[in-house]
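The values are calculated or read from the model by the stated rules, or taken from the named source; none is laboratory data. Here the structure is a predicted model, which means the values were calculated and not measured. Cβ sites come from the backbone with ideal geometry, for glycine too, and all protein chains shown count toward neighbours.
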There are 2 protein chains.
Amino acid sequence: MDKQLFADHLATLCKRYDDILEQCGFDTLNVFSGAPSVQFLDDNYYPFRVNPQFKALVPVTDNPHSWVIYRRGQKPKLLFYRPVDFWHYVPPAPQTFWSDEYDIELLAKPDEAKAYLTGENAAFIGEAARFDGWEIGQRNPQHLIAQLHWARAYKTPYEFTCLREANRIAVRAHQAAEEAFRAGASEFEINLAYLKAAGQGENQMPYGNIIGLNEHGAILHYTHLSTEPLPESERRSFLIDAGADCNGYCADITRSYAYREGEFAELVSAMHDKEQELVAGLTPGASYVELHKSCHQKIGQLLQQFGVIKTSPESAVESGLTRTFMPHGLGHFLGLQVHDVGGHQTAPEGGTTPPPAEYPFLRTTRTIEENQVFTIEPGLYFIDSLLGELKESQLADEVNWDKVEKLRPFGGVRIEDNVIVHADHVENMTRDCYGN
Amino acid sequence: MDKQLFADHLATLCKRYDDILEQCGFDTLNVFSGAPSVQFLDDNYYPFRVNPQFKALVPVTDNPHSWVIYRRGQKPKLLFYRPVDFWHYVPPAPQTFWSDEYDIELLAKPDEAKAYLTGENAAFIGEAARFDGWEIGQRNPQHLIAQLHWARAYKTPYEFTCLREANRIAVRAHQAAEEAFRAGASEFEINLAYLKAAGQGENQMPYGNIIGLNEHGAILHYTHLSTEPLPESERRSFLIDAGADCNGYCADITRSYAYREGEFAELVSAMHDKEQELVAGLTPGASYVELHKSCHQKIGQLLQQFGVIKTSPESAVESGLTRTFMPHGLGHFLGLQVHDVGGHQTAPEGGTTPPPAEYPFLRTTRTIEENQVFTIEPGLYFIDSLLGELKESQLADEVNWDKVEKLRPFGGVRIEDNVIVHADHVENMTRDCYGN
Ligand SMILES: [Mn+2]
Ligand SMILES: [Mn+2]
Ligand SMILES: [Mn+2]
Ligand SMILES: [Mn+2]
Ligand code: NI
Ligand code: NI
């Protein structure tokens, strides 16, 4: 990573933090990286997951008991935990592209942090339970967190670089996963092929990989990973939604595959086209909610084109019929968190803009702006429980149930790319990695 | 799994629970399976880990929001969570070797449990935070938990069967890992080869796999998993401590390998012999603490035999010299938890027997008895920080530092087997799987 790119990023961050802290009435911000939790009645721990507000300030994702102390107008201080411990791996003291930008102190014990912390005009962000009696400032003030969340929607060039690299890693892994699918691997084995190609473990992934063969593609968050391989004759379809990490930034990519030529293969191909039309709709000033609505029009078009419904796309959107086939939202902000923060914020100072009542799962209601990063992820699924409800409803007659039965064994299709909104064009990081 | 074997197991359990509940003054025991925790400021969850006291009553390890309600003298009731949810995979209603033994109710929503629970003369075991205001009985009473923990040291034939199967899975995976090591795989890739052969994912393992090449073998809980493969000339040694799960029961096996013939290979081989002598020492009525002490004698013998120390084994144990090379304990109870509970208990009614002051990490101080299951895991390591302390101490002259430098690049060696203590013999489940 280029040192200057990071230095510029941190300069932008510092300006933001200076302004926001001043507005919120704080001089100092103490951010704790976190600590692993022990399992109930056991001596094993849950995997460590870093406080996202910590990795927002420094690209360290794997070190508990560490702190960033940010004082307005000063070089940020990093308290980096580095115990003398013959039981566990201890990371080396940082000496890399970002380390010059921090005043670094090493902590041999978690409690040594106390000497560096102040509660005076200070705010604290982190899990506070272990700090009873510590002077660390006001704990997790919501108005401060809201401002920081709002600002995170606008990415810097360094952040673009990290997101592109996360996409590069994930696309390489998606290609390995497709290969494993075509070779007859089980869901469990496909996941291992993915992790191997990514060079990242299950607990380094930004979210639990969704890897579904056949009907499992219809379970939106299917993370069960069956170990049963399918005989060749039973292989129909494959849906994979899986990401990767680069310096704490996430990729979040979905691909769907047909095992054979035929109607489902055509549906996958048609969905690729619709998805690219939606990506092209990410223009500064446009409304993400409107883009979601136009996605439902396109789902209606596909349903009509493939003979699943007997009505027009317009009527299917109007009646709510398309919602049976695509119950989730068009996409979300992407960044340090896979569902990056702030998608429902009305303004930096506060307020929430909920999604329209008929689309409760839409994660983004903000106006699309330059330097924002989104996923675009239209989908079309044959979901037993929702089809069951539909069959009992007044809309049942508008559906071609023979066609539903024909497509149901394929589960569903989703295509998801990661996109940067620039002033005069959109950058599809995902397709750039595929070379198309 | 044989139905009758499980039925007999549950009959034994019911007798135990009836006695213990009566002694502790309860009629009803409500045990909650647990629920995944959300990550700080995020909408992702930590992996689900079942309450060990839940899986002690029913072989279900992957279903949150479920309950066992145990009433003295009655068939246990299982509240099995099975929501209507198009987002997530929902397990089928249980119909397997254990399901006839429970009165099973399906819960569509977590709160439906309320209707089945009573607080009257009841105890609750589980994470209580989400049950404010629920009538579930006395929360996690320590005297009850202590009695249940004590009893878990005595395994039933069904439990032996599960532990043997966990060993079978783990040994198969250890063999795949050795193959990957010899083929030049990185630690990260060796781990994936292990998981693939086990057919179990990272979060299904009973503990974080320890996979260390060369010097990494000296970090006792090394779980870092480097993605760097080593060139052939730099491959020296491989230590792997990894388990597997069967119906909630754990394997916990360590093997060490030399890449080439030579002194370290001889040390590994000699450690196998010492380990088997120690396994043979697991006789009913013997003291695990004394067995740990005899382990230190054997480590002293190896240190002398390989020329690492200049003194006698006896003197090396006496002076504490052997503790630099084996800082951990000889082993621990094994069962539903990898460090199974109750190893320091003095009596079922209470009291703790700490390990001797010079061996603070020894996990078992109870008398060895029939039907107990242990790990035996002697080790010998070259640990930088401990060798540094030794070099500064009065014992420095007793060490052959040239030999230390020669062996240090190999990290260390540990051999760990899983053993059942029978009345008249020990059963080494691990070596039975290796066929030797
Ligand atoms: Mn996704
Ligand atoms: Mn997404
Ligand atoms: Mn072990
Ligand atoms: Mn062990
Ligand atoms: Ni989910
Ligand atoms: Ni540890």
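Laid out as a table, the results:
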quantity	calculated
Count of residues meeting criterion [closer than 25 Å to residue A:235 by Cβ, crowded, with 18+ Cβ neighbours inside 10 Å and over 15 Å from the mean Cα position of the chain (by Cα)] in region A:409-430	5
Lone qualifier among A:41, A:13, A:5, A:29 - being within 25 Å of the chain's Cα centre (by Cα) and either under 18 Å from residue A:150 (Cα atoms) or free of Cβ contacts under 8 Å to residues at least 24 places away in the same chain (or both)	A:13
Enumerated helices (runs of 4 or more DSSP H) restricted to region B:142-213, each holding at least 3 residues that are touching a Lys or Arg at 6+ places or on another chain (Cβ under 8 Å) and farther than 19 Å from residue B:258 by Cβ	B:187-198
Any hit, region B:99-122, residues being out of contact with any Phe, Trp or Tyr (no Cβ under 9 Å at 6 or more places or on another chain) and within 14 Å of chain A (Cβ to nearest Cβ)	no
Selected residue (only one of A:33, A:66 is surrounded by 19 or more Cβ atoms within 10 Å (Cβ to Cβ), at negative phi, outside the structural domain of residue A:246 (by TED's automatic domain parsing) and touching a His at 6+ places or on another chain (Cβ under 8 Å))	A:33
Failed condition for residue A:208, given (1) under 20 Å from residue A:53 (Cα atoms); (2) within 16 Å of ligand 2 (Cβ to nearest atom)	(1)
Near pairs, Cβ below 7 angstrom, 6+ apart or cross-chain, from region A:173-189 (touching a residue at least 12 places away in the same chain (Cβ under 8 Å) and crowded, with 19+ Cβ neighbours inside 10 Å) to any residue that is in a helix (DSSP H, G or I) and among the basic types (Lys, Arg)	A:189/B:196
Number of positions in region A:213-264 that are more than 14 Å from every other protein chain (Cβ to nearest Cβ), small (Gly, Ala, Ser) and away from ligand 2 (no atom under 16 Å from the Cβ)	4
Residue pairs meeting the criteria (Cβ under 6 Å; at least 6 apart or on separate chains; first assigned by TED's automatic domain parsing to the domain that holds residue A:306, in region A:266-292; second in a helix (DSSP H, G or I))	A:270/A:302; A:274/A:298; A:278/A:295; A:281/A:291
Filtered residue count, region B:252-268, keeping only those that are part of a strand (DSSP E or B) and either touching a Leu at 6+ places or on another chain (Cβ under 7 Å) or not aliphatic (A, V, I, L, M) (or both)	5
Residue within region A:129-147 that is over 30 Å from residue B:201 (Cβ atoms), within 14 Å of chain B (Cβ to nearest Cβ), away from ligand 5 (no atom under 16 Å from the Cβ) and among the small types (Gly, Ala, Ser) present	yes
Count of residues meeting criterion [buried (at least 19 other Cβ atoms within 10 Å of the Cβ) and out of contact with any Ser or Thr (no Cβ under 9 Å at 6 or more places or on another chain)] in region B:144-159	10
Residue that is away from ligand 2 (no atom under 16 Å from the Cβ), away from every other protein chain (no Cβ under 12 Å) and within 28 Å of residue A:428 (Cα to Cα), where the choices are A:375, A:367	A:367
Breaking point among (1) closer than 24 Å to residue B:86 by Cβ; (2) surrounded by fewer than 19 Cβ atoms within 10 Å (Cβ to Cβ), for residue A:256	(2)
Test set (1) away from ligand 1 (no atom under 15 Å from the Cβ); (2) more than 17 Å from residue A:177 (Cβ to Cβ); (3) buried (at least 20 other Cβ atoms within 10 Å of the Cβ) - residue A:213 fails condition number	(2)
Residue check, residue A:37 hydroxyl-bearing (Ser, Thr, Tyr) and within 11 Å of chain B (Cβ to nearest Cβ)	yes
Region B:49-98, residues that are within 10 Å of chain A (Cβ to nearest Cβ), of a type outside the set (Ser, Thr, Tyr) and within 16 Å of ligand 5 (Cβ to nearest atom)	B:62, B:84, B:85, B:86, B:87, B:88, B:90, B:91
Leading residue by the ranking (surrounded by the most Cβ atoms within 10 Å (Cβ to Cβ)) among those in region B:294-353 that are β-branched (Val, Ile, Thr) and within 12 Å of chain A (Cβ to nearest Cβ)	B:341
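Residues checked against (1) more than 23 Å from residue B:14 (Cα to Cα); (2) of a type in the set (Ser, Thr, Tyr); (3) outside any loop (DSSP other than H, G, I, E, B); (4) in contact with a Gly (Cβ under 6 Å, 6 or more places away or on another chain):
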residue	(1), (2), (3), (4)
B:68	no, no, yes, no
B:91	yes, no, no, no
B:106	no, no, yes, no
B:112	yes, no, yes, no
B:115	yes, no, yes, no
B:133	yes, no, no, no
